[in-house]
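**Q** I'd like to ask you about the structure that follows.
Any read-out appearing in this document is the output of simple, stated calculations on the displayed coordinates, not a laboratory observation. Since this is a predicted model, take the numbers as computed values, not measurements. Neighbour counts run over all protein chains shown; Cβ positions are idealised from the backbone, glycine included.
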Amino acid sequence: MSSLAERLTPAAGGALWRRGPGGVLETAVVHRPKYDDWSLPKGKLDAGEHPLQAAVREVVEETGLQVAVGRRSVQTRYTHRAGPKRVDYWTMQHVAGDFVVNDEVDELRWLPVPEASRLVTHPHDAAVLTDLARADVPRTPTLLLVRHASAGERSDFDGPDDDRPLDARGRSQARRLAQVLTAFGPTEILSAPPLRCRQTVAPLSRALGLPVGEVPELGEDGFGADPEAGLDVVRRLLEPRSTPGVTVVASQGGAIPSVLMALGVQHATTGGALWPPAAKGSVWVLGGRPGALLADYYRDFPVDPDAPA
């Protein structure tokens, strides 16, 4: 077993951004008096956290700003005084709030990205800002495409398949989705007709106080009958928005991979197969357009194995 000094410390943080005067891309860098350095807001994972949850929590604690999570950014690794450290970053758009001085951070500066890259103390932070400045894919998604959670086997359910409910594992997955997906700032929730799809986003609906609308075009039956109508809905939801916010759509395994293939999505987990993955309870984070598409797959949101017990 590794010694305490050799044990990996997992952490997470955010590359914050906003548009400054003249539309210039600005990012937030923070000064930590404990280390007397300029850095990006980040911190260690708490017990039971996924890195995305930790990233948002740490950004809020260190800056007081409200943010909407965007695309997954780079992962940095380095050695600090307690041993090896891993930091997962996400881009985050500033949506509200002002900086509040706290025990960890005594100053925050909004700077154009090139100036911020010169100011940060550590080279690994500059690498995160290089990713933030990328213009080939959007920084923010507009669509979260969710495969319904676990609902047992069709052969074990005595009734119309559209009435098949989530099982115990599926209900747990739905609660977990509600805990994490709020970070993306959903402003609309839609569902394919089956009960298991609606139940998958019901906890998220309650958490946000948003109704669940119906989108039959993205159910298996509706998409199978008219794929182009379903793709029209997806294209509309992928269009850029003037204000932050995403639409969450709960759909089915017979529709999601077809949508992704039509968008030209490929993913490393396919192992060379053409069919993109869409496990029960999984989420595709999408934004942009084919050729400049943000497409990120979350198999689920498990507790980080390196997080404290």
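**Q** Each residue of segment 254-263 in order: what ³J(HN,Hα) in whole Hz does its phi give by Karplus 6.51 cos²θ - 1.76 cosθ + 1.60, θ = phi - 60°, with x for Gly and Pro?
**A** Using θ = phi - 60°, the values come out as x, 10, 4, x, 5, 4, 5, 5, 5, 7 Hz.
**Q** Round to a whole angstrom and tell me the spacing of the C-alpha centers of segment 40-107 and segment 124-200.
**A** For segment 40-107 versus segment 124-200, the Cα centre distance is 23 Å.
**Q** May I ask you to evaluate 6.51 cos²θ - 1.76 cosθ + 1.60, the Karplus curve with θ = phi - 60°, for each residue of segment 47-64 and list the ³J(HN,Hα) values in order in whole Hz, giving x for glycine and proline?
**A** Couplings: 4, x, 9, 7, x, 5, 4, 5, 4, 5, 4, 5, 4, 5, 5, 8, 10, x Hz.
**Q** Amide H of Ala151 versus every other amide H placed in the peptide plane: which residues, excluding those fewer than 5 positions away on the same chain, fall under 5 Å?
**A** Residues meeting the criterion, in which the H sits 1.01 Å from N, are Asp167.
**Q** If you don't mind, another one. I want the local charge near Ala255. Using Cβ-Cβ distances under 12 Å, sum +1 for each Lys or Arg and -1 for each Asp or Glu among the other residues.
**A** Taking every other residue near Ala255 into account, the sum is -3.
**Q** Tell me which residues come under 5 Å, amide H to amide H, from Val95 once H is placed; ignore anything under 5 positions away on its chain.
**A** Gln66, Val67, Ala68
**Q** How large is ³J(HN,Hα), in whole Hz, for each residue of segment 172-186 in order, when computed from phi with the Karplus curve 6.51 cos²θ - 1.76 cosθ + 1.60 and θ = phi - 60°, using x for Gly and Pro?
**A** Once rounded to whole Hz, the list reads 5, 4, 5, 5, 5, 4, 5, 5, 9, 5, 4, 5, 7, x, x.
**Q** Which lysines does Lys85 reach when only Cα atoms under 29 Å apart count, and residues fewer than 8 places away in its own chain are ignored?
**A** Here the lysines satisfying the reach criterion relative to Lys85 are Lys34, Lys42, Lys44.
**Q** Using a ≥ b ≥ c from the Cα gyration tensor of segment 152-309 (square roots of the eigenvalues), is it rounded, prolate or oblate, where a/c under 1.5 gives rounded and otherwise the larger of a/b and b/c decides, a/b for prolate?
**A** On the way: a/c = 1.22, a/b = 1.07, b/c = 1.14.
Rounded.
**Q** For the chain, find the longest principal axis of its Cα atoms and tell me its angle to the long axis of helix 123-132, 0 to 90°, nearest 10.
**A** Tilt of helix 123-132: around 40 degrees.
**Q** Could the peptides 296-304, 194-202, 221-229 be put in order, highest first, of the mean number of other beta-carbon atoms found within 10 Å of their residues?
**A** Per-residue Cβ counts within 10 Å, averaged per peptide and sorted highest first, yield 194-202, 296-304, 221-229.
**Q** For the Cα atoms of the chain, what angle does the longest principal axis make with the long axis of helix 195-208, in degrees from 0 to 90, nearest 10?
**A** Roughly 30 degrees, rounded to the nearest 10.
**Q** Show me 49-59, 233-243 ranked by packing, highest mean number of other Cβ atoms within 10 Å first.
**A** Numbers: 49-59: 22.9, 233-243: 14.5.
Ranking the peptides 49-59, 233-243 by packing returns 49-59, 233-243.
**Q** Mind listing the long-range amide H neighbours of Thr142? Cut-off is under 5 Å, sequence gap 5 or more, other chains count too, H placed in the peptide plane at 1.01 Å from N.
**A** Under 5 Å from the amide H of Thr142: Leu286, Gly287, Gly288.
**Q** Dipole of the chain (Lys/Arg Cβ +1, Asp/Glu Cβ -1, origin at the Cα centre): which of Gly14, Gly185, Leu238 lies farthest to the positive side?
**A** About the Cα centre, the residue reaching furthest to the positive side is Gly14.
**Q** Can you say what percent of the DSSP beta bridges in the chain, counting only those with both residues inside, are antiparallel? Round to 5.
**A** About 65 percent, rounded to the nearest 5.
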